[in-house]
Amino acid sequence: MQKVFETILIGLSTGSIYALMSLALVLVWRSTRVVNFAQAGQAMFSTYIGFEISSRSEVFWLGLLFAIVAGALLGAGVDYFFMRVLFKHANSGPAAVVAPVIATLGLLGLIRSFVGLTWGGEFKSIETPASTNGFTIGDSTIPFSPLNVLIIVTTALILIALAILFQRTNLGLALRASAYAPEIAQLAGIRTARTRTIGWAIAGGVGGVAGMLVTANNFLSPYSLDLLLVFGFIAAVIGGLESMVGAVIGAFVLGIGLTFILNYVGTSLVFIGGFTVLILVLIIKPDGIMSRGKARRA
Amino acid sequence: MIRKTARKRTWFVAALLASAGLFASTLPANAETGVSSSEIKLGITLPLTGAASPGYNKIGNAMNAYFKYVNENGGVYGRKITLIQKNDEYSPQLSIAKTNELILKDKVFALVGPLGTANFTAVHKSVGIAKRKVPSLFLNTGFSGFASKKNYPTSFTILPSYAMEAKIVAQFIKENLTGKKLGLVYQNDEFGIDALGAFKDAGVKFDVSIPYTSGTQSAATAQTWVSQLAAGGAQVVVFFGVTSATAPLLAVSAAAKYAPQWILGSVGSDPLTLRALGVPVAVLNGALTPAGNPSPNDTSDEYVKQFQEINAKYNNADFDDYVLQGMNIGLMTVQALRAAGRNLTRAGLIRAMESKGSSFASVAYSPLGYSKTSNVGHTGYYMAVMDAKGDRKPYGGSVVLYTTDSAKGPVVKSNFKRPAMPAKGLPTNS
Amino acid sequence: MRKKILLFIVLGWVLLIVGDRVDELRVYQGAQIAMYTIALASIVLLTGYSGQVSLGNGAMMAVGGYAAALTLTNLQTPIWFAFLMAVIAASLFGALLGAAAARLSGPYLAGTTLALAVGLPAIANQFTFLGGEPGILFDVGFPPERLGEDFTQYKWFFWIASSIALVALFITSNILSSRFGRTWQAVRGNALAAELAGVNSSRWKILAFTISSALAGLAGAVFAMNISLVAPGAYSLALSFALVTGAVLAGISSLPGVAFGALILVAIPEVADALAGRLGDADKLNNYLPGLIVSVLLILSVIYTPNGPGENLRKLRHKRKAH
């Protein structure tokens, strides 16, 4: 019984990080109809900035703050200087369908090379903001630490902040409106292009948090966030790519599910488990668990 | 002897070249590929970028630093050594492409210290190392499959194989840790499979056994290993895998206050890399590891002291096991080149390795197994204990060396005394 | 048709001559170019014609490579049979994946195939008969003796790879210029209209996926021959990305372009090496420059010539739409 409990706790911590990445993907998808593979690169870059700040100042939170800012700026920059140009040029012909996807891949490679040129390929690690020593219950110590709590709490705070932003503010309304019906939103006087850039900025900031939190428990290299991108994507697909709530639920389902596979089946089946979930969702409920009507096509 | 040239010409030109080669070989001037009167060109492929690069990416620069030192002190019979490093990102495809460049375009004389099991397997077959008779010295992998003079006639290993390592660990457990509950975490590829067989042969049974797939290691995965080990009550845990898996395993164990007697395989136990991965150094305290070399911090060791000086002057990298290994490969390469004589040829180099290789000075404590019938380098380990700073000392205070082979041979304690470091680290052998 | 056969025969003859004139390094690179040509043709068919984005072509190549290697090592068959098995295994696998893929619009498919490419090593390591990390040797043997003692191994690879590539390209070009190619284009352009015209669009998409996978599998087997090995590390995510890059650079819907794309893929590392040498020999520069060049090329070409040399065609169609 204790093992089940442990598994769920760790799954929640893992799921939190997936949730942030998957939210970042969904935010961009809703506004731009692009699955942004460069998100892993943007998050990695932001985390390197966070690493620089936190290792100089020896304050994790300052690093996190800078990672968010860097992520937001980079996200906005990518949309403004890159996606707009792309959509202006590659808007018809056989490549129109594939151009955005491929462009984000190119961007991932570009950011990776840039990070490699700047910081090199060595593993970096960030001072953890909280102890990684597990809690002791009775006379046994469980592999669930204050750091895990911190990850869950930070994620929860960000989710709440996003919920308030989207439900209670004009900006949130504008973001939602331009995601669901861009033409109508435009007619209603919303500057959809600017709103979209803001959406990218939020996604970038959230991705930065995901990168910092996952690195706090692990290490950083130009390749260290690739797996996070894949799991974030799977979580987003479980949620249907459209729904932010769905993405978060999908992430926790995936996080807990994979931790169960880890604890009860074996490490080598984790990835295969994740992939199987992805295929099953796509076959049984391709519009995700949150779908009501038919999802829009790209 | 007809030399295989890289350029493809017509029959006529080939025949001309061949006779020219015959003629040239009788002259004192040297006409071997990659060797001129003033230079010897060597090549290495290794991961300089990519997920597998940390640690390994320091080996090439360390070798280069040693060669620079030798070059400034007269080179090898007046020839200066040039080392060409090529980045293969640990991908077999790139290893082949880059080795092709080394052999066909840069025309190196020999390969030294190429890295990676799959990488060298692919390179050896596709590039045709044996057929082209290119010497490949000091392969940086412990895969026991390379220990075959028949299949790899021009290649020589340096590290003791994973199989040897596991046999020695098994022997050590039988001698020192009987009656304890045993756990094993291993990467289920050539690291682990070799190890598994060796433990089985030695009659060591594990109460908890956890295989993992390369690439799946992470903090989350490690948490599950730890809960399984703790649940099984393992008091001694043997680990055979790479450093990126050791790191989360030890970190998570420290977090969960699970402290068995660790026995870490040599591949995954470099303290500096572990520290760079954020492992609290204290968890290493008391961990056992089979080791071939002295600690890179042991300045009382004549080899380490000399290499550190060279590193400070020519390389300026953090001096760790990888740098030590790179320097040592450099040292052995220079001895091999000297042993091959002034009239340097590929065939001569291989003959020299076979006839004189076993007497080379090397930082590792165990004997070298090179002979006419064996391409195996070091053949043994001692067990070391790590301290709270991540430094290692021989278990029990002094080095107890075990030697063995990769097959069914026995594990024996050995009194072998390694040759002394050549004065100033500059070999004078011939 | 007869003209096309003649063209391919002339092409083969030119390759034969060129293969005899250049040095061994170039001969090996030629074999790699032939391999990439087949792999890129598979992407052109899938993405350029049928409009589906797959980032998992490396995985499909792996299926072919492993099938061929297992056939060769376990059954000791002739080489051609190993290549045939590669095609069969990959097309079966492709049909399965295509069935799932046909229901997916662009981004879902891209993400799913990406996940496949990332996860492939884990899957390959899962089963011991696949040889784990070190992989399985794939040995097509030495060239036949009657070709002469001077006939190198690489030349043998080059001959095999080029012949396979020529045949594969010939077949592909015929498929693409037939009713198949036109139907795919129709489904890609407007699936709804195609459905109204009585075309079962998902069946056609599955067919495209199957044929494309067969080509990728074939390329995977040729790749295995060139590197004499199948191993998870060889069919990496980087390979999948490189293929997409090559296809975009070549013009994603242009079959003749694939040879150009393949040439670039092989040339980039060398160009980058030379460039890095010129810019000063800093370690970091050497290591990350190739990636930088590839990414910049990919981004520039996807923005400015998204449809490759067939750009004019696109503009024409654009004009017609405007009317």
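Quick check: is even one residue across region A:19-42 under 23 Å from A:Ala163 (Cβ atoms) and of a type in the set (Lys, Arg)? Yes - at least one qualifying residue is present in region A:19-42. In region B:162-202, of all residues being outside any helix (DSSP H, G or I) and free of Cβ contacts under 8 Å to residues at least 24 places away in the same chain, the one that is surrounded by the most Cβ atoms within 10 Å (Cβ to Cβ) corresponds to B:Thr178. Is there a residue being buried (at least 24 other Cβ atoms within 10 Å of the Cβ) and at pLDDT 90 or above anywhere in region B:46-59? Yes, region B:46-59 contains at least one residue that is buried (at least 24 other Cβ atoms within 10 Å of the Cβ) and at pLDDT 90 or above.
Taken over region B:126-144, residues that are within 24 Å of B:Arg351 (Cβ to Cβ) and more than 13 Å from the chain's Cα centre (by Cα) amount to 9. With respect to B:Ser148, determine if the residue is within 14 Å of chain C (Cβ to nearest Cβ), at pLDDT 80 or above and part of a loop (DSSP other than H, G, I, E, B). When the stated conditions are applied, B:Ser148 passes them. Would you say B:Val376 is without any contact (Cβ under 8 Å) to a residue 12 or more places away in the chain, more than 18 Å from B:Phe307 (Cβ to Cβ) and touching a strand residue (DSSP E or B) at 6+ places or on another chain (Cβ under 9 Å)? No.
For region B:306-354, a residue qualifies if it is of a type in the set (Ser, Thr, Tyr) and touching a Phe, Trp or Tyr at 6+ places or on another chain (Cβ under 8 Å), and the qualifying residues are B:Tyr314, B:Tyr322, B:Thr333. Checked across region A:36-46, the condition of being over 30 Å from A:Arg191 (Cβ atoms) and assigned to a helix (DSSP H, G or I) holds for at least one residue. Restricted to region A:91-103, and to residues there that are surrounded by 24 or more Cβ atoms within 10 Å (Cβ to Cβ) and facing chain C (nearest Cβ under 7 Å), the residue that is modelled with the highest pLDDT is A:Ala103. Cβ-Cβ distance below 8 Å, separation of 6 or more or different chains: which pairs start in region C:286-306 with a residue that is more than 12 Å from A:Arg112 (Cβ to Cβ) and facing chain A (nearest Cβ under 7 Å) and end on one that is among the hydroxyl-bearing types (Ser, Thr, Tyr) and assigned to a helix (DSSP H, G or I)? Close Cβ pairs (under 8 Å, with a partner that is among the hydroxyl-bearing types (Ser, Thr, Tyr) and assigned to a helix (DSSP H, G or I)) amount to C:Leu298/C:Thr245. All of C:Phe151, C:Phe157, C:Phe170, C:Phe142 fail the test of being surrounded by 23 or more Cβ atoms within 10 Å (Cβ to Cβ) and within 24 Å of C:Ala34 (Cα to Cα), apart from C:Phe157. Considering B:Asn64, B:Asn119, the condition of being part of a helix (DSSP H, G or I), touching a strand residue (DSSP E or B) at 6+ places or on another chain (Cβ under 9 Å) and farther than 22 Å from C:Tyr154 by Cβ is satisfied by B:Asn64 alone. Every listed requirement among (1) surrounded by 14 or more Cβ atoms within 10 Å (Cβ to Cβ); (2) touching a residue at least 12 places away in the same chain (Cβ under 8 Å); (3) more than 25 Å from B:Lys98 (Cβ to Cβ) is met by C:Lys4 save one, (1). Of all the listed residues (C:Gly132, C:Gly58, C:Gly119, C:Gly65), the sole one being within 17 Å of the chain's Cα centre (by Cα), modelled with pLDDT under 90 and within 14 Å of chain B (Cβ to nearest Cβ) is C:Gly58. Checked against the criterion of being surrounded by 21 or more Cβ atoms within 10 Å (Cβ to Cβ) and either modelled with pLDDT of 90 or more or outside the structural domain of B:Ile40 (by TED's automatic domain parsing) (or both), the candidates B:Ala110, B:Ala118 yield just one match: B:Ala110. The set of residues in region B:110-120 being within 20 Å of B:Ile329 (Cβ to Cβ) and within 13 Å of chain C (Cβ to nearest Cβ) consists of B:Leu115, B:Gly116, B:Thr117, B:Asn119, B:Phe120. Pairing residues of region B:309-323 that are under 10 Å from B:Pro296 (Cβ atoms) and outside the structural domain of B:Met386 (by TED's automatic domain parsing) with residues that are among the basic types (Lys, Arg) and modelled with pLDDT under 90, at Cβ distances under 7 Å and at least 6 apart in sequence or on separate chains, gives B:Tyr322/B:Lys58; B:Val323/B:Lys58. The residues in region C:52-81 that are surrounded by fewer than 24 Cβ atoms within 10 Å (Cβ to Cβ) and in contact (Cβ under 8 Å) with a residue 40 or more places away in the chain can be counted, and the count is 3. Per the listing B:Tyr382, B:Tyr402, B:Tyr370, B:Tyr365, the residue uniquely at pLDDT 90 or above, assigned to a loop (DSSP other than H, G, I, E, B) and more than 30 Å from B:Gly78 (Cβ to Cβ) is B:Tyr365. Counting only helices (runs of 4 or more DSSP H) wholly contained in region A:108-199, the ones carrying 3 or more residues that are surrounded by fewer than 14 Cβ atoms within 10 Å (Cβ to Cβ) occupy A:146-168, A:182-187. Residues that are within 14 Å of chain B (Cβ to nearest Cβ) and either aromatic (Phe, Trp, Tyr) or surrounded by fewer than 24 Cβ atoms within 10 Å (Cβ to Cβ) (or both) within region C:193-227 comprise just one, C:Phe223. Which members of region B:321-340 meet the condition of being assigned to a loop (DSSP other than H, G, I, E, B) and either among the β-branched types (Val, Ile, Thr) or in contact with a Ser or Thr (Cβ under 7 Å, 6 or more places away or on another chain) (or both)? None; the set is empty.
Scanning region B:320-357 for residues that are hydroxyl-bearing (Ser, Thr, Tyr) and under 20 Å from B:Val134 (Cα atoms) yields B:Thr333, B:Thr345, B:Ser355. Could you say whether any residue in region C:169-192 is in a loop (DSSP other than H, G, I, E, B) and of a type in the set (A, V, I, L, M, F, W, C)? No, region C:169-192 contains no residue that is in a loop (DSSP other than H, G, I, E, B) and of a type in the set (A, V, I, L, M, F, W, C). On the stretch given as region A:136-172, residues that are aliphatic (A, V, I, L, M) and over 19 Å from A:Val206 (Cβ atoms) total 4. Assess whether A:Thr195 counts as being hydroxyl-bearing (Ser, Thr, Tyr), closer than 29 Å to A:Pro129 by Cβ and touching a residue at least 60 places away in the same chain (Cβ under 8 Å). No. Please go through region C:68-79 and give me each residue that is modelled with pLDDT under 90 and not in a loop (DSSP other than H, G, I, E, B), ordered by number. Result: C:Leu72, C:Thr73, C:Asn74, C:Leu75, C:Ile79. Restricted to helices (runs of 4 or more DSSP H) entirely inside region C:238-323, those with at least 1 residues that are at pLDDT 75 or above are C:257-278, C:283-304. Being of a type outside the set (S, T, N, Q) and assigned to a helix (DSSP H, G or I) is a property that B:Lys413 lacks.
Exactly one residue out of B:Asn71, B:Asn100, B:Asn87, B:Asn57 is within 9 Å of chain C (Cβ to nearest Cβ), under 22 Å from B:Arg346 (Cβ atoms) and not β-branched (Val, Ile, Thr): that is B:Asn100.
The values are calculated or read from the model by the stated rules, or taken from the named source; none is laboratory data. If you're wondering where the values come from, they're calculated on a predicted model, not measured in any experiment. In this analysis, Cβ positions are derived from the backbone assuming ideal geometry, glycine residues included, and neighbour counts consider all displayed protein chains.
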